[in-house]
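A short worksheet on the structure shown next.
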Amino acid sequence: MAVNTLPWLFLFSTGTQALGAIVCFLISILGFKGYKIKEDQKLLYFFYGFLFLGLGFLMNVLVNLAIQFEFAHYLLDTRYADISFVFFGIYNIILIAVLLAYLSLAFTYADVKNIKRVWLLYIWMIIMGVYSFDKSNLFNIFAAIPLSFVVSFTFEKYLASKNKKILMTSLSFFFLFLFHVLAVIENTANSIKLLRYVALLAGLIILLVILLKIHYGRKKK
Amino acid sequence: MAERRSKHEIIYDILNLISHKGGKVKPTHILYGGNLSHDRLKKYLQELIDAGFIEKVEDKGRVFYQLAEKGYKFMEEFKKIEEMTTAFGI
């Protein structure tokens, strides 16, 4: 049984996703700079990963705002079929890209040397993305699968290095994982929905702290 | 076997070497510390001059290479990227 989302919770979820878009874009810029400087393919996957994640959040924010300010009819009314076709087409492509981004992040952390050898998984992910577009629960489960690998691999890296920043990275991915997993039951109660976005916010704040440490950490010396 | 350095890693190593020697060194210092052949070093130094990362200066008839503002900025960016790869465990 689905419950109606409270207005403030709607605002909170939109605001958190807007922050998600900003944080992900900032990380992707850093990843791209890293790729240009180090010429490491892993950093390219990292850049794409956070870029598409950021675009995914941005599209969700746009949909939420369209609903909030009653522009939703442009997306749902048959008179505006062209607008909605283009919008949802882009939205679907971005959500597929988010799944591919998570898969790429999992490969990055798994130290897969030759991505070409696992291309079939990308095809499966695209199929899953197309199939799950209008099925939010399924999309979130598909997103959680590669993320669980990312959480486990980053935690392994922390255990090997005992570097606190890697632990923070692992934690942020864990919260992102929780955000997707909780989507399956979010419609049963507003408290679950709140918990889901609190998990996302926690993950984003950790990522933001890591970013700030990278940017300003050295200048204390 | 040590991993092959990327072009930008070599550039960072050269700039870092100059920075550690007070921002101004003789070409022989770079040759000893840069772990590069003479020909490759010459190519890299010319590239660094063209990019504005270093300047070739003469002092009492001797040639020196001096780190420029752009070079310092590149080093800062490179260190940030190194910290990012460490923090994200990449």
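Looking only at the stretch A:19-50, count how many residues are free of Cβ contacts under 8 Å to residues at least 60 places away in the same chain and either over 21 Å from A:LEU201 (Cβ atoms) or touching a Lys or Arg at 6+ places or on another chain (Cβ under 6 Å) (or both).
Here the count works out to 15.
Go through (1) surrounded by 15 or more Cβ atoms within 10 Å (Cβ to Cβ); (2) under 15 Å from A:ILE37 (Cα atoms) for B:ALA51 and report which single condition fails.
Of the numbered conditions (1) surrounded by 15 or more Cβ atoms within 10 Å (Cβ to Cβ); (2) under 15 Å from A:ILE37 (Cα atoms), the odd one out for B:ALA51 is (1).
Test B:TYR72 against the criterion of being within 11 Å of the chain's Cα centre (by Cα), assigned to a helix (DSSP H, G or I) and surrounded by 16 or more Cβ atoms within 10 Å (Cβ to Cβ), and give yes or no.
No: the conditions fail for B:TYR72.
Within the stretch A:188-200, how many residues turn out to be touching a residue at least 12 places away in the same chain (Cβ under 8 Å) and closer than 19 Å to A:PHE57 by Cα?
Qualifying residue count, the stretch A:188-200: 7.
So, in the stretch A:168-189, exactly how many residues are within 14 Å of chain B (Cβ to nearest Cβ) and over 18 Å from A:THR16 (Cβ atoms)?
Qualifying residue count for the region: 3.
Considering A:ILE192, A:ILE210, A:ILE205, which residue is away from every other protein chain (no Cβ under 13 Å), in a helix (DSSP H, G or I) and either within 29 Å of B:GLU77 (Cβ to Cβ) or hydroxyl-bearing (Ser, Thr, Tyr) (or both)?
Checking each option against the conditions leaves just A:ILE205.
Condition check: surrounded by fewer than 18 Cβ atoms within 10 Å (Cβ to Cβ), within 14 Å of another protein chain (Cβ to nearest Cβ) and within 30 Å of A:LEU159 (Cβ to Cβ). Does B:LYS79 satisfy that?
yes
Please work out which one of (1) at positive phi; (2) within 15 Å of the chain's Cα centre (by Cα) is the condition B:LYS42 fails and give its number.
(1)
Can you name the condition, by its number, that B:ALA87 falls short on among (1) surrounded by fewer than 16 Cβ atoms within 10 Å (Cβ to Cβ); (2) within 14 Å of chain A (Cβ to nearest Cβ)?
With respect to (1) surrounded by fewer than 16 Cβ atoms within 10 Å (Cβ to Cβ); (2) within 14 Å of chain A (Cβ to nearest Cβ), B:ALA87 is out only on (1).
Residues to consider are A:LYS165, A:LYS157; find the one that is surrounded by 16 or more Cβ atoms within 10 Å (Cβ to Cβ), within 14 Å of chain B (Cβ to nearest Cβ) and touching a Lys or Arg at 6+ places or on another chain (Cβ under 8 Å).
Step by step, each of A:LYS165, A:LYS157 is checked, and only A:LYS165 is surrounded by 16 or more Cβ atoms within 10 Å (Cβ to Cβ), within 14 Å of chain B (Cβ to nearest Cβ) and touching a Lys or Arg at 6+ places or on another chain (Cβ under 8 Å).
Of the residues in the stretch A:130-159, how many are in a loop (DSSP other than H, G, I, E, B), touching a helix residue (DSSP H, G or I) at 6+ places or on another chain (Cβ under 7 Å) and not hydroxyl-bearing (Ser, Thr, Tyr)?
1
Readers should treat all values here as calculations from the given coordinates under stated rules, not as data from a laboratory. Fair warning: this is a prediction, and the values are worked out from it, not measured in the lab. Glycine also receives a Cβ, built like all others from the backbone with ideal geometry; neighbour counts cover every protein chain displayed.
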